[in-house]
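Presented below is the structure to which this report refers.
The values are calculated or read from the model by the stated rules, or taken from the named source; none is laboratory data. Since we're looking at a predicted model, the values are computed, not measured. Heads up, the Cβs are rebuilt from the backbone with ideal geometry, glycines too, and the neighbour counts pull from every protein chain shown. Each accessible area value is taken on the protein alone, full model and side chains, heavy atoms only, with ligands, DNA and RNA left out. Shrake-Rupley method; radii C 1.70, N 1.55, O 1.52, S 1.80 Å.
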Amino acid sequence: HVYQPIVGSADGALFAYEALVRPTDPTFPGPLELLEVAERSGKIAALGRVLREMCVLPLAALPEPTLLFINVHPLELRDPLFAEGDPALLPFAHRIVFEITEAAEITDYSRSRGVLRNLQAQGFRVALDDVGSGYSGLNSLALLGPDFVKIDMAMVRGIETNARSARLIRHIFEFARDEGMPVIAEGIQTSDEHAAVMELGVPYLQGYYFGRPQPPFAAPIDLRVASGDAVG
């Protein structure tokens, strides 16, 4: 696993890390290939258990109250062990955010909502990924009621010159804020994208502009230093 920082937009302070799978076996050029093989072979639940247990191993070295976002495939919501609360993760429940990816694959919203509510009752939190990328993401936002909302990086790309994307992000942000769901903008790569998202008022930010996925736990880039500003 590698870990990418998520920072607060107000001060650039570290808020969380997202754990990202990076296979080392040449059979799998990237995480998508690994997941596709696991899905075809019916091993998504087993793979998810192993990956979750691996990614929390360094968590004890991460100072409180920094959170850890862990990606979860929607098919894992059908895994009884996950639904009841993985024993390996329960000691860290207050610091773990399960990030639901590929929301389009959720077919039973009632059951999925029940699983997520059970996890939240145990202290875990839930984030919905890729919101804004299509109807399924917006539908999932309304039906699942996550703790965090992650704006799809495709919406952020070139946002400083894309008024439509900016308006949609603003609408999502205002809805999520009113529902008590903090928003995270993903995929920020440039100072212009950073400035545009800041202007929209999004509270948390993620992307290469702040730090690339690295071994645990590389500090985010201090933008005051990077921009030449004095650091007090």
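The residue that is most open to solvent (accessible area, probe 1.4 Å), among those in the stretch 58-75 that are of a type outside the set (D, E, K, R) and more than 16 Å from the chain's Cα centre (by Cα), is Pro65.
Going by the structure shown, is Ile106 aliphatic (A, V, I, L, M), free of Cβ contacts under 8 Å to residues at least 60 places away in the same chain and under 17 Å from Leu144 (Cα atoms)? It is true that Ile106 is aliphatic (A, V, I, L, M), free of Cβ contacts under 8 Å to residues at least 60 places away in the same chain and under 17 Å from Leu144 (Cα atoms).
Might you check whether a residue that is part of a helix (DSSP H, G or I), at pLDDT 90 or above, open to solvent by less than 10 Å² (accessible area, probe 1.4 Å) and touching a strand residue (DSSP E or B) at 6+ places or on another chain (Cβ under 8 Å) occurs anywhere in the stretch 113-128? Taking every residue of the stretch 113-128 in turn, at least one turns out to be part of a helix (DSSP H, G or I), at pLDDT 90 or above, open to solvent by less than 10 Å² (accessible area, probe 1.4 Å) and touching a strand residue (DSSP E or B) at 6+ places or on another chain (Cβ under 8 Å). Looking at the stretch 76-112, which of the residues that are part of a helix (DSSP H, G or I) and in contact with a strand residue (DSSP E or B) (Cβ under 7 Å, 6 or more places away or on another chain) is surrounded by the fewest Cβ atoms within 10 Å (Cβ to Cβ)? Ranking the qualifying residues of the stretch 76-112, first place goes to Arg95.
Checked against the criteria, Leu35 does not count as open to solvent by 10 Å² or more (accessible area, probe 1.4 Å), in contact (Cβ under 8 Å) with a residue 12 or more places away in the chain and in contact with a Lys or Arg (Cβ under 8 Å, 6 or more places away or on another chain). Among the residues that make up the stretch 198-209, is at least one of them of a type in the set (Gly, Ala, Ser), at negative phi and touching a residue at least 12 places away in the same chain (Cβ under 8 Å)? Looking for residues that are of a type in the set (Gly, Ala, Ser), at negative phi and touching a residue at least 12 places away in the same chain (Cβ under 8 Å), one finds none in the stretch 198-209, hence no.
Annotation for the stretch 48-57: at least one member residue is surrounded by 12 or more Cβ atoms within 10 Å (Cβ to Cβ), more than 21 Å from Gln214 (Cα to Cα) and not aliphatic (A, V, I, L, M).
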